[in-house]
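The values are calculated or read from the model by the stated rules, or taken from the named source; none is laboratory data. Just so it is clear, the model here is predicted, and its values are computed rather than measured. Virtual Cβ from ideal backbone geometry, glycine too; neighbours counted across all protein chains shown. All accessible areas refer to the heavy atoms of the entire protein, side chains included, with ligands and DNA or RNA removed. Shrake-Rupley method; radii C 1.70, N 1.55, O 1.52, S 1.80 Å.
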Amino acid sequence: AAKADGKGVHRFYEPEMHASAKDKRLLEMDLRKVMSENGLSLVYQPVVDAVTEAIVGFEALARWNHPTRGLVSPASFIPVAEEIGLIPQIGEWVLRTACLEAAKWPDNVRVAVNISPIQFASPALPGIVLSALAAAQLPPHRLELEITEGVFLGEGEDTDAMFARLKAIGVRFALDDFGTGYSSLGYLKKAPFDKIKVDQSFVRGAAVPGSRNAAIVRAIVTLAESLGMETTAEGAETPEELALIRSLGCSHIQGYIFGKPMSSDEARARVAQHGKFAMPGLLVSRDPR
Ligand code: C2E
Ligand code: MG
Ligand code: MG
Ligand code: MG
């Protein structure tokens, strides 16, 4: 059912709860109109340095404000958009909007954008990224593309070429949801990731005595450090989880404990407030580069 997500506004409608094919077709029809009706928006969730708690960036997360159903979760509508061929359009809008927003933040604050495997397989992607950066006048190193191992699962021998083209532009790469799915170590060898995002399923409950999650997170952090990559622990909610994640050496933390996804206005206010802490000299970087 709908989940309460704080601040009263976030009631997610989960279409998979209503299994009828007719209902799904209705949702598809509505989704086809979403771009022309300005039905999409982005919210931004802070990513903080694990040691200093300075905001180092925000992840842009899509929201569909449906006229009658309310807020539809991206976990529900992104898969539908992928299925009906709308991802290129939606994904381009997300990239452009996120870059324009990030350009209003201080120079040391990055924006992370989720890229669907379908977008990653499109030869148009580097051009769209370049154009979004140019329109916003955002330096490429301030844009981080979050991709999942899904990009490696298709036919694409073109995956390597896509990484190379995007790397040449100067954007950063994060491997999202690491630890779920197949998590082949070969992906870490093959692709130029700057960061591994430890999936929230390992972070949540890691502080529970006897949990094996802490050992798994520690192993991922060790692996990432020896490969020269940063780590972000996703989904830290409690002070106990935060303390544990810190002790395991994750370089960054993203979770409700530091902030739920918020509007662009709130994000801007948040960096203005906390930006003064985000001075390079203060950052204790675990990144060996
Ligand atoms: P993700 O990329 O792994 O994003 C993190 C998700 O975890 C977000 O859910 C975020 O709100 C949630 N989260 C963060 N911290 C906590 C926490 O402490 N506790 C809990 N319970 N949840 C937390 P959200 O916004 O519902 O997004 C779900 C997924 O939808 C994303 O997972 C991403 O895979 C996808 N998505 C969102 N926006 C886009 C987009 O613009 N394009 C594409 N292709 N996918 C998107
Ligand atoms: Mg993500
Ligand atoms: Mg994730
Ligand atoms: Mg996830």
Rg in Å to one decimal, and Dmax rounded to a whole Å, for the chain via C-alpha atoms = 18.6, 57
For the chain, the percent of accessible surface on carbon and sulfur atoms (probe 1.4 angstrom, ligands and nucleic acids excluded) is 57
So the pair-distance distribution of segment 91-170, from every Cα-Cα distance in 10 Å bins, comes to percents of 19, 54, 24, 4
So what's the back-of-envelope 222 nm ellipticity for the chain, counting only DSSP H runs of four-plus at -39500 (n - 2.57) apiece and dividing by all residues, rounded to 500?
-> -11500 deg cm²/dmol
List the equivalent ellipsoid semi-axes of segment 118-263 in whole Å, largest first, each obtained as the square root of 5λ for an eigenvalue λ of the Cα gyration tensor.
-> 29, 18, 13
Within the chain, percent of DSSP bridges classed antiparallel, to nearest 5 = 40
How far is the Cα center of segment 217-249 from the Cα center of segment 150-187, in Å?
-> 21
By the mean-Cβ-within-10 Å protection proxy, highest first, 117-123, 22-28 rank as 117-123, 22-28
Rule-of-thumb check for segment 39-134: C-alpha Rg over 2.2 N^0.38 Å?
-> 1.16
Which order do H274, H66 take by accessible area at a 1.4 Å probe, largest first?
-> H274, H66
Total charge dipole magnitude, the chain, about the Cα centre, Cβ charges on Lys, Arg, Asp, Glu only, Debye to nearest 20 = 460
